[in-house]
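Shown next, in structure tokens, is the structure this report addresses.
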Amino acid sequence: MLSRVADSLYWMSRYLERTDGVLRMLKINYASSQDDIQEFSWKQVLRTFTYLDDAEAKPFVHHSRAVLQYMVTDKENSNSVLNIVTRARENARSVQDHITKELWQCLNDFYHTIRDEQLVRGLQKDDPVSILDILIKQGLLYYGITDITMSRGEGYAFINIGKFLERGIQSLDILDVKFSDLNDDFTRTDTTYWKYMLLSISGYELYLKTYRSGFDAKNVIEQVVLNPDFPRSVIYSVNQLHRYFERLKSGGNKEAYRKIDFMIGRIKSKVNYSTVDSIMLQGLHTYLSEVKEELCEVGNAFNQEYFAYT
Amino acid sequence: MLFFIFNVLNDFRLPFICFPAQAATKTIFTMQTSDLLNGYYVDNKTWDEMCTEQSVRQQYQGVVDFMQQMSIEELNKKEELAKRLFMSQGITFTVYSSGEGIEKIFPFDIIPRIITAAEWKYIEEGIRQRLKALNLFLKDVYNNQFILKDGIVPNEMVYSCPHYLREMHGFPVPHDIYVHIAGIDLIRDQDGTFYILEDNLRTPSGVSYMLENREITKRIFPDLLPKNNVRTVTEYPTILHRNLVSLSPRQTANPTIVLLTPGIYNSAYFEHTTLARLMGVELVEGRDLVVDNHRVYMKTTAGLQQVDVIYRRVDDEFLDPLVFNADSMLGVAGIMSAYRKGNVAIVNATGNGVADDKAIYTYVPAMIRYYLNEEPILKNVPTYQLGNTEEREYVFANMNKMVIKKTNESGGYGMLMGHTAGEEEIFRYQVEIAKNPRQYIAQPIISLSSAPCYMGGRLKPRRVDLRPYALCGPDCIEIVPGGLTRVALREGSLVVNSSQGGGSKDTWVLAG
């Protein structure tokens, strides 16, 4: 496979995973903003998914519609869903002969959907949840079509590598931002605080089934970092990343394979042999940043070893 | 500010102009059962593909009957569906305005253009003959130059052509084929005679529209194609792929074939991806390739992989910065040396521009007689060489009946339409021509045929041309039964170019 093609597939996939993350986050936070007017703030969402500093974010924090406009359809915001989807589609466009026609058409439709002016208007005037649902469904179509139509070759491996690397980093970020506001006061067990966070990563129901004793910060950490059955957990993402990476083993690039295999293996052991208590002992923020740093290094290594074509 | 970053099909040449209907006699059809054909009139100076003066031609009867059974609402829905299909498949080009790209589709008219079996047989034979001669000419002109020595084509015509490449001299190309893919433009004058307007022998585009338009017709008019006995065009990628495989310099069962594209910002990018997908070959950009020791490799995740055949959609001058335009980012440094060593095949061959040059065009009938000892089947549009004093004087005396074209330009640039140009403009051209006559040719303005287009509930005649695609393989020349019909959608418009409001139609060739 051409290095350029691998690169484009990887980024196409990362961008779409990000799109899914952002949209879910927006949907749940919007719902939450309708629930408690007093306390609700968009600060954490903005910190996780934009480059705005606190001062720049200030005019947004209590304006749901403004946040939605900025994060979904704003052309100037390079991290708006519109721009992320456009980049995903441009990547797909340049590798149309490596993805199935259905997959290309799905992304092309996604692109046209999000540029639809009616949608932009709806986001400002109508029920934003129905609009966000339309977009989330387009993303789900992408996942389904990838699963059903893409051949299980190298390209598929790079798509999944991008997807799980992005997902792992996202979960780490979300957790880190959520906890940073508590100033290490983990005694807080306010139901809505955790409920909406878990909902936004589709982990609420699992939490209820796993932990019967109400909300506890430690349990939240355990689920989001260490539960191998939770598809958005860090450990799940890292395991999947490794699984798809192993499919590159038979490729010609032995040295690159060994190097990155070592890096992913190290992260995997680190997460696998952590407990909530060991994480707390090290300090949650330090732990999360370290894992994130290492995942980013894996991304850089892919750039160097597999995608370098200039 | 609004500007086109590119034309949809950028290597399309501008066709020609036709007479404005001067005091045309109109034939109005009124005998039809629905309103569809009401007011379909054609002036008697134009050949209409659908109608004679009295009736609908037999080949169109099936389609006309079918259309008349449908309501305007249904037809409008079909048109809407066609648009949506193009959009969702990304068969679009981008217009940039205030920093933002807007996707547009290349207009598609839902009524097919129909060619009978007899007409097709004639076209097919004519093109086959012409390509045979053109390939021989290219081989000759880059090797022994018999045709120049025998004085059939003047030396200066060849050496003054900017597309003539010294780099092509004296090395054998595989199977002696220079033109592997040709898109030959045909037009019909008022009595229906076909003329060759241009031979496109470099990187002709538009074939994806031939394929996609057919797919759209299948969707919008279920069952209509088999009922009308329309021949399929789907063989095209298979034949092309088979021909490309046959060119591989390495004797291997599975040679590496790539399609070299200038990249996603090229107007024909959609076409490049479609062809790569349909043939199952790798779509590469210049930056994916590297030349080492006169061999071409592509950079893959598993290291370098040798490339055997390159179907390139990058023009000659951008192909190799070491040989041609040094600023080119689209090409591959060293590719020409690999080509000359015979380590890689390039399709079409470089240097073909010398054979589809507008001034050389005049000599194609002579080439056919010289190389094949046959009379040309398809006619040339009469063309005046402005280097020839007599011809120049004749043209200058009849400027209002002429089209003046620059020989080395395309896409409608550097053209003068005599019947509409002002005196001052004509004078300016005459001065320019006198300075450098080799750069210009003149052709009498020829009418082109009209075909029905669906416009707001009615059929209206609009001017069309035809570009069939011919594939030259080691054993034979094959012309897929179909082609691209371009149509001037604006009423009274004389130009079928996509940049001038032109669209396209599905082109049907009927089986016997």
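Values quoted throughout were computed directly from the atomic coordinates according to the rules given, and no laboratory measurement underlies them. Here the structure is a predicted model, which means the values were calculated and not measured. All Cβ positions, glycine included, derive from the backbone under ideal geometry; neighbour counts span all protein chains shown.
Could you compute the FRET efficiency for B:MET70 and A:ARG212, with r as their C-beta to C-beta distance and R0 at 45 Å, rounded to 0.05?
So the FRET efficiency works out to roughly 0.10.
Out of all Cα-Cα pairs in the protein assembly as shown, roughly what percent, to the nearest whole number, are more than 35 Å apart?
Cα-Cα pairs in the protein assembly as shown separated by more than 35 Å: 57 percent.
Using Cα pairs closer than 8 Å and at least 6 residues apart in sequence, work out the relative contact order for chain B, in percent.
Normalised by residue count, the contact order of chain B is 25 percent.
Sort A:68-75, B:252-259 for me by packing, meaning the mean count of neighbouring Cβ atoms within 10 Å per residue, highest on top.
Result, highest mean Cβ count within 10 Å first: A:68-75, B:252-259.
Across peptide A:92-101, how many C-beta atoms of other chains are within 10 Å of each residue C-beta, on average?
Per residue, the average neighbour count from other chains is 5.
How high is the relative contact order of segment A:152-310, in percent, counting Cα pairs under 8 Å that sit 6 or more residues apart?
Taking the mean separation of contacting Cα pairs over the length of segment A:152-310, I get 30 percent.
Among the aspartates and glutamates, which fall within straight-line cross-link reach of A:LYS270, defined as a Cα-Cα distance under 16 Å, with same-chain neighbours fewer than 8 residues apart omitted?
Within the straight-line cut-off, A:LYS270 pairs with A:GLU222, A:ASP261, A:GLU290, A:GLU293, A:GLU294, A:GLU297.
Can you spot the aspartates and glutamates whose alpha carbon is less than 14 Å from A:LYS254's alpha carbon? Ignore those fewer than 8 places along the same chain.
Cα-Cα hits under 14 Å: A:GLU246, A:GLU305.
For the residues A:TYR211, A:TYR306, what sequence is obtained by ranking on other C-beta atoms within 10 Å, fewest first?
A:TYR211, A:TYR306
Which parts of segment B:324-352 would a label at B:THR252 reach, counting a residue when its backbone N lies under 11 Å from a point 7 Å out along Cα-to-Cβ?
Of the residues in segment B:324-352, none has backbone N under 11 Å from the label point off B:THR252.
Testing the spin-label approximation: label points 7 Å from Cα along Cα→Cβ at A:GLU297 and A:SER41. State their distance in nm.
3.4
What distance in nm lies between label points placed 7 Å from Cα along the C-beta direction at B:ARG219 and A:ASP181?
4.5
Taking the Cα centre of each part, how many Å lie between segment A:104-128 and segment A:141-187?
23
Report D for segment A:1-73 in µm² per second (integer): Stokes-Einstein, Kirkwood Rh on Cα pairs, 37 °C, 0.692 mPa s.
Reported coefficient: 240 µm²/s.
For a footprinting-style exposure proxy, rank B:ILE377, A:ILE131 by other Cβ within 10 Å, fewest first.
Fewest-to-most Cβ neighbours within 10 Å comes out as B:ILE377, A:ILE131.
Please report Rg (one decimal) and Dmax (integer) in Å for the Cα set of segment B:256-389.
18.4, 63
Out of residues 5 or more away from B:MET455 or on other chains, whose amide H comes under 5 Å of its own, with H placed 1.01 Å from N in the peptide plane?
B:LYS460
Averaged over its residues, how many other protein chain Cβ atoms are within 10 Å of peptide B:86-92's Cβ atoms?
Per-residue shielding by partner chains comes out at 4.
Can you list the lysines whose alpha carbon sits under 17 Å from that of B:LYS401, skipping same-chain ones fewer than 8 residues off?
B:LYS45
Between A:ARG258 and A:ASP127, take the C-beta separation as r, use R0 = 60 Å, and let me know the FRET efficiency to the nearest 0.05.
0.70
If you average the alpha carbon positions of segment A:40-56 and of segment A:243-305, how far apart do those two centres end up, in angstrom?
Each part reduced to its Cα centre gives a spacing of 28 Å.
Of the cross-linked pairs B:LYS78/B:LYS379; A:LYS137/B:LYS83; A:LYS101/B:LYS227, which ones have a Cα-Cα span greater than 27 Å in the structure shown?
Checking Cα-Cα distances, B:LYS78/B:LYS379; A:LYS101/B:LYS227 exceed 27 Å.
Neighbouring Cβ atoms within 10 Å as the yardstick, rank B:VAL42, B:VAL464 fewest first.
B:VAL42, B:VAL464
Please turn the phi angles of segment B:353-366 into ³J(HN,Hα) values with the Karplus equation 6.51 cos²θ - 1.76 cosθ + 1.60 (θ = phi - 60°), one per residue in order, whole Hz, x for glycine and proline.
Running phi through 6.51 cos²θ - 1.76 cosθ + 1.60 with θ = phi - 60° gives x, 5, 8, 10, 4, 5, 7, 5, 2, 4, 8, 4, x, 5 Hz.
Going down the table (B:LYS358/B:LYS505; A:LYS292/B:LYS299; A:LYS58/A:LYS125), which pairs top 25 Å between alpha carbons?
Those over the limit are B:LYS358/B:LYS505; A:LYS292/B:LYS299.
Could you state the number of Å between the C-alpha centres of segment B:354-369 and segment B:194-250?
If we compute the Cα centre of each part, the gap is 26 Å.
For peptide B:299-310, what's the mean number of Cβ atoms from other chains within 10 Å of each residue's Cβ?
5
Starting from 0.36 nm per residue, how many nanometres of slack lie between B:ASN144 and B:GLU156 once their C-alpha separation is accounted for?
That works out to 2.7 nm of additional length.
Where both partners of a DSSP beta bridge lie in the protein assembly as shown, what percent of those bridges are antiparallel, to the nearest 5?
The antiparallel fraction comes to roughly 75 percent.
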